[in-house]
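What follows is a set of notes on a single structure, which appears directly below.
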Amino acid sequence: MAARFKMSTRGVGQLLNSPMITAEMLRRANVIKGVAESISPVGGPGDPHPGKYKRSWYARVERKAVGRSRKKRPVGVVGNKAHYARWVEYGTDKVRAQHVLLRAAVVGGR
């Protein structure tokens, strides 16, 4: 006799909104943040704000609408508050892209 399983979509929704999932999202975001901080460029002696980029990383959990149902679920968010963070990440015509967050997510997101 084969085992039978009937999934409860309501139960899955409750699981995805549970404190343990929220805690895991925050843990993973903090791991990625830690990797990003460790590989962040600091700047040389002529830099007007050395280390600001490295000190500006944050990790938090937000509730966002995800999936086809657009129901709110906990999502880990990692970002940088330095006003020039996007130029460090993606580069400009004068500065090569560093891809700090991308590399951190690849390494720390496992």
(message) With the structure loaded, tell me whether ALA97 is open to solvent by less than 40 Å² (accessible area, probe 1.4 Å), part of a loop (DSSP other than H, G, I, E, B) and not basic (Lys, Arg) or whether it fails that test.
(response) yes
(message) Looking at ARG27 and the list (1) open to solvent by 70 Å² or more (accessible area, probe 1.4 Å); (2) outside any helix (DSSP H, G or I); (3) modelled with pLDDT of 90 or more, which single condition is not satisfied?
(response) (2)
(message) For the structure I just gave you, tell me whether LYS81 is of a type outside the set (Val, Ile, Thr) and within 18 Å of the chain's Cα centre (by Cα).
(response) yes
(message) Need pairs with beta-carbon distance below 8 Å; first residue without any contact (Cβ under 8 Å) to a residue 12 or more places away in the chain and within segment 94-110, second part of a loop (DSSP other than H, G, I, E, B); sequence gap 6+ or separate chains.
(response) ALA97/GLY91
(request) With the checklist (1) more than 16 Å from the chain's Cα centre (by Cα); (2) modelled with pLDDT of 85 or more; (3) not in a strand (DSSP E or B) in hand, flag the one item ASP47 doesn't pass. (result) (2)
(request) Give me a count of the residues in segment 31-87 that are open to solvent by 50 Å² or more (accessible area, probe 1.4 Å), hydroxyl-bearing (Ser, Thr, Tyr) and touching a residue at least 12 places away in the same chain (Cβ under 8 Å). (result) 1
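The values are calculated or read from the model by the stated rules, or taken from the named source; none is laboratory data. All of these numbers come straight from a predicted model, not from anything done at the bench. We place every Cβ from the backbone using ideal geometry, glycine too, and count neighbours over all the protein chains shown. Note: accessible area is taken over every heavy atom of the protein model, side chains too, but ligands, DNA and RNA are not part of it. Shrake-Rupley method; radii C 1.70, N 1.55, O 1.52, S 1.80 Å.
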